[in-house]
1. Could you count how many residues in segment 1-29 are within 19 Å of Pro97 (Cβ to Cβ), of a type in the set (S, T, N, Q) and surrounded by fewer than 15 Cβ atoms within 10 Å (Cβ to Cβ)?
2. For segment 52-90, which positions are assigned to a helix (DSSP H, G or I) and at pLDDT 85 or above?
3. List the pairs whose first member sits in segment 3-32 and is touching a residue at least 60 places away in the same chain (Cβ under 8 Å) and more than 19 Å from Asp53 (Cβ to Cβ), whose second member is surrounded by fewer than 18 Cβ atoms within 10 Å (Cβ to Cβ) and of a type in the set (A, V, I, L, M, F, W, C), and whose Cβ atoms are under 7 Å apart, counting only residues at least 6 apart or on separate chains?
4. List the number of the failed condition for Glu32; all other conditions in (1) crowded, with 16+ Cβ neighbours inside 10 Å; (2) within 15 Å of His78 (Cα to Cα); (3) at pLDDT 95 or above hold.
Amino acid sequence: MSNIYAMRRANGDWFAFEVGGRLRVPVFNSPEDARISRVRNFGMLLFKAVALDANFLQEISRVGVGGEMDFCIIKDPHASLKRAKVIEHAQLALQIPTATEARL
């Protein structure tokens, strides 16, 4: 199973942007894609690519924003973030390794 990456700041904040009044967290297939997108979107300059795991989903749920937040997969890091395909929380959960898989 390959990793999925999102952008996180040193203080623990996750990068998200607003679309239609809802927050959207972009996720990437590789750290290279995340770096390319970061250069094209200045709001991400203080963030770095971090591999997502089951703890990420627990953290989002614990904060209570999981239902109010969308995720989008960035397939073309050169395109606008707003053009990315939205994926559901459940779909993302299937692509993120569990704690056991992450240790292997």
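1. Of the residues in that region, 1 qualify.
2. Result: Leu81, Lys82, Arg83.
3. Within 7 Å, the pairs are Arg24/Phe17.
4. It fails just one condition, (1).
The values are calculated or read from the model by the stated rules, or taken from the named source; none is laboratory data. Worth saying up front: this structure is predicted, and the values here are computed from it rather than measured. Neighbour counts run over all protein chains shown; Cβ positions are idealised from the backbone, glycine included.
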